[in-house]
Amino acid sequence: MEELAKEAGITVRTLRFYRERGLIPPPRREGRIAWYDDHHLARLRTIAGLLERGHTLNGIADLAATFESGRDVAEVLGLGEPTEETPVRLTPEQLADYFEGEVTPENLAAALDLGYLATDGDEIVHISRRLLEVSAELVREGVPLSTVLSSGRRVREHAEALAEIFVRVLHAHAKETEPAQLRPLARAVVDAELSMALDRRLRREDGTQPPKA
């Protein structure tokens, strides 16, 4: 314990306090000897980083509990399944920097439930760089992260329905077509239709097009 506290730049008393609060996992024991490792040191450095960013110890404890009850990387990424999305590995401090002031246990639980986030030891993995960056941009534009996540859940429902349409068409009329060929075709149709739908909606909002009866 003394060696770990020295390496982390804290006192033994502080380390004991963190252990009592459940902020770090218990050590591995061999008889009367307690062994700490790099995992514990990484957790202590994460706590220090989050404290510097204004998080409270109560908040950090809630975040730790949320992550530890979350889904792991293998479960979320579905290892072996084809994907065009690029996962991103983040420290908790980096995630806090992406969504300053919005990283709450409630938002983390929602992101874990959606499968946007997964845990891998002391690291966090976001399922998609594109989703991470656009979510952060929306938050910077003033949209609460909770709204981004709830909207993402609704978008996913529609996306699942669209995917079902394209897969059914493929199976019914083009069984020899590879999924890699289907992706750009489906994406082009959805992009075009969404663009036109946005045009129609914005014209109605601006009053340049009368609403349908």
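Brief remarks follow.
- Solvent-accessible heavy-atom area per residue, rounded to whole Å², over the chain at 1.4 Å: 67
- Label-to-label distance, nm, for residues given as Ser69 and Gln94 (7 Å Cα→Cβ offset): 2.7
- The slack in the chain from Ser146 to Thr86, taken as 0.36 nm per residue of separation less the alpha-carbon distance, amounts to 19.3 nm.
- Per-pair calculated FRET efficiency, R0 = 35 Å: Val134 and Arg28 via Cβ, rounded to 0.05: 0.25
- Simple label model, 7 Å out from Cα along Cβ direction - Arg183 to Val169, nm: 1.8
- Estimated from the Cβ-Cβ distance and a Förster radius of 22 angstrom, the FRET efficiency linking Asp38 and Leu114 is about 0.15.
- Helix-only [θ]222 nm of the chain, DSSP H runs n ≥ 4, -39500 (n - 2.57) each, per residue, nearest 500: -20000 deg cm²/dmol
- Among Val12, Asn58, Ser146 - extreme Cα towards positive end, dipole of the stretch 1-154, charges at beta-carbon: Val12
- Fraction of accessible area attributable to carbon and sulfur, the chain (%, probe 1.4 Å): 53
- Seen against the Cα atoms of the chain and their longest principal axis, helix 179-206 is set at about 80 degrees.
- The stretch 113-140 and the stretch 145-194 have Cα centres separated by 21 Å.
The values are calculated or read from the model by the stated rules, or taken from the named source; none is laboratory data. Given the structure is predicted, the values throughout are model-derived calculations rather than measurements. Heads up, the Cβs are rebuilt from the backbone with ideal geometry, glycines too, and the neighbour counts pull from every protein chain shown. We work out accessible area using only protein heavy atoms, side chains counted, and drop any ligands, DNA or RNA first. Shrake-Rupley method; radii C 1.70, N 1.55, O 1.52, S 1.80 Å.
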